[in-house]
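Sending over a structure as structure tokens; questions will come in a sec.
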Amino acid sequence: MDISSELVKKCCRGDSRAQFELYSMYSRAMYNVSCRIIPDRMEAEDAMQEAFFKAFDRISTFRGEVTFGAWLKRIVINTCLDHLKKRRVQLVSFDDLPGLAEHTDSSDDYTPESVEQVKLAMQQLPEGYRVVLTLRLVEELDYPEIAEMLDINESSVRSQYTRGRQKLVELLKRN
């Protein structure tokens, strides 16, 4: 049994020290997840804090089918997406637009010289592209999971991923 499992049990019994320990263990990683979805650092931190409140409020529903970290990460991602929805960020749907079939050209392979270049380029992307790319490439969610989380169809996710990736490559090549 890992330390997280023991702390979760204590949290279910209302142990605030256990909550603090879990927070200390996971806050940095969850903040990084938040920042990848919400570029504004203050808003990302607010979303992360809100996610921890939700997690501790619902900790009795944690069944241990996945690790605590994976369970918490899903709550953080959903909370971040809720923050974006509150700002009325609309993800562009390409389903009904002619000539925008999924592009699978491998000529857009590009190796940037630094991770910072990618981070800066990601911040320049439109919200919809950035969110889909982050969930797919960084959080490693599959298309059906992303579609469910964003409440859009899978073909829209694939289109946004493809277009976002193309735009990201363009931005990286310019710099």
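Working only within segment 122-147, note down all residues that are under 18 Å from Leu171 (Cα atoms) and buried (at least 19 other Cβ atoms within 10 Å of the Cβ).
Scanning segment 122-147 gives Met122, Leu125, Gly128, Tyr129, Arg130, Val131, Val132, Leu133, Thr134.
As an exercise: evaluate Pro98 against (1) outside the structural domain of Met25 (by TED's automatic domain parsing); (2) modelled with pLDDT of 90 or more and give the number of the one condition it does not meet.
(2)
Kindly indicate whether any position in segment 141-164 is basic (Lys, Arg), closer than 30 Å to Cys12 by Cβ, modelled with pLDDT of 90 or more and assigned to a helix (DSSP H, G or I).
No, every residue in segment 141-164 fails to be basic (Lys, Arg), closer than 30 Å to Cys12 by Cβ, modelled with pLDDT of 90 or more and assigned to a helix (DSSP H, G or I).
Turning to a different aspect of this structure: Determine which single condition Val118 fails, assuming it passes every other condition in (1) within 24 Å of Asn32 (Cβ to Cβ); (2) at pLDDT 90 or above.
So the condition that Val118 fails would be (2).
If we scan segment 48-58, do we find a residue that is buried (at least 20 other Cβ atoms within 10 Å of the Cβ), among the basic types (Lys, Arg) and under 21 Å from Leu141 (Cβ atoms)?
no
The values are calculated or read from the model by the stated rules, or taken from the named source; none is laboratory data. Bear in mind that the values here come from a model prediction, so they are computed numbers and not experimental data. Here Cβ is always computed from backbone atoms with ideal geometry, including for glycine, and neighbour counts include all displayed protein chains.
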